[in-house]
1. Going highest first, how would you order 170-181, 115-126 by mean Cβ packing within 10 Å?
2. If you scale each eigenvalue of the Cα gyration tensor by 5 and take the root, what three semi-axes come out for the chain, rounded to whole angstrom and sorted largest first?
3. Using the Cα centre of the chain as origin and beta-carbon charges of +1 (Lys, Arg) and -1 (Asp, Glu), tell me which of 141, 14, 41 is placed farthest towards the positive end of the dipole.
4. What is the magnitude of the charge dipole of region 127-195 about its Cα centre, with +1 placed on the Cβ of each Lys and Arg, -1 on the Cβ of each Asp and Glu, and no other charges, expressed in debye to the nearest 20?
5. Let me have the relative contact order for the chain, percent, based on Cα pairs under 8 Å that are six or more residues apart.
6. Enumerate the lysines that residue 130 could reach by cross-link, defined here as Cα to Cα under 25 Å, with residues fewer than 8 away along the same chain left out.
7. What does the extension gain come out to for residue 67 and residue 157, with contour length at 0.36 nm per residue minus their alpha carbon separation?
8. What does the charge dipole of the chain about its Cα centre add up to, to the nearest 20 debye, if the Cβ of each Lys and Arg holds +1 and the Cβ of each Asp and Glu holds -1?
Amino acid sequence: MTDNNEILAQHLKNFAALTEKDIAESETFWKTRKINKGDFFNMQSMVCNDLGLVVKGIFRIYYHDPKTETDKNIFFFSENQFVVSFRSFISQNPCWYYIEAMEDAEIIFISYRDLHSLYAKNTNWLHFGKLLAELFFAYAQTRAEEFMFFSHEERYLRLLEEHPNIIERIPAYHISSFLGITNPSLSRIRKRVKR
C-alpha cells in the first residue's frame, strides 16, 4: 500500500467505519492527482464529476462575480477534508463556483460514476454517501449561521480552529473575502486576537 492509500484507508475508516474489505473493493477507483498552485479542481459552469480527499494543500471554493469583477470566497478545504462542489456532484449539473488550489496540492479522488457503482453494491458505501451528504449539509448550514449569529472576530477564530495554520499559508485578502470584511478590519482582529 502506498502512503496515499494508507491515508485514504485511515480517513475512510474514521469517517464512515468502512472495513478493510469495503476499502479494498474501492481501491481501483481512487486516483491520485497533483494540482499546481493557481490551477483548478473544478471550474465554474462545469459539472463537478469528482470527489477528492485533500492529502496536501489548501483549496478555496469561490464565486467570481462578473458584474463587479470580484471573487467571493465561500469555503476552504485543507488536509484530510473532502473537496467537492457537492450540489453539482450530486445533481450532475454545472457548478456555480471555482475550486482552486491555493498552494501546490495533492488529492486522491473518485468519480461520481465509480462512487455510485459502490453505492449500488455495498450498503457500507451507501452509508458513506449518507454521511458525506450530512457533512456537506452541516458545512453549508454552519456557514449561513456564522454570518447570522457570530461577529467577525468569532468567525475568524472559528476559521483558525478548522484550519490552524491558514494565516501563514494564504494571502490575507482571501481570508478577508471569506469573512466578509475588509483587509484593515482583518488586521485589527488579528492584533486583538494576538494580545
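Nothing in this text is a laboratory measurement; each read-out follows from the coordinates by a stated rule. The structure presented is a predicted model; accordingly, all values stated were derived computationally and were not measured. No Cβ is skipped: glycine too gets one built from the backbone with ideal geometry, and neighbour counts run over all protein chains shown.
1. 170-181, 115-126
2. Values: eigenvalues 190, 65, 52 Å².
With the √(5λ) rule applied to the chain, the semi-axes are 31, 18, 16 Å.
3. 141
4. Details: 11 positive and 8 negative charges, 81 e Å.
The calculated dipole for region 127-195 is roughly 400 debye.
5. Working: 281 pairs, mean separation 45.5, N = 195.
The normalised contact order for the chain reaches 23 percent.
6. Output for residue 130: 13, 21, 31, 121.
7. Details: separation 90, 0.36 × 90 = 32.40 nm, distance 3.13 nm.
So the chain would gain 29.3 nm between residue 67 and residue 157.
8. On the way: 24 positive and 25 negative charges, 122 e Å.
Charge dipole of the chain: 580 debye, to the nearest 20.
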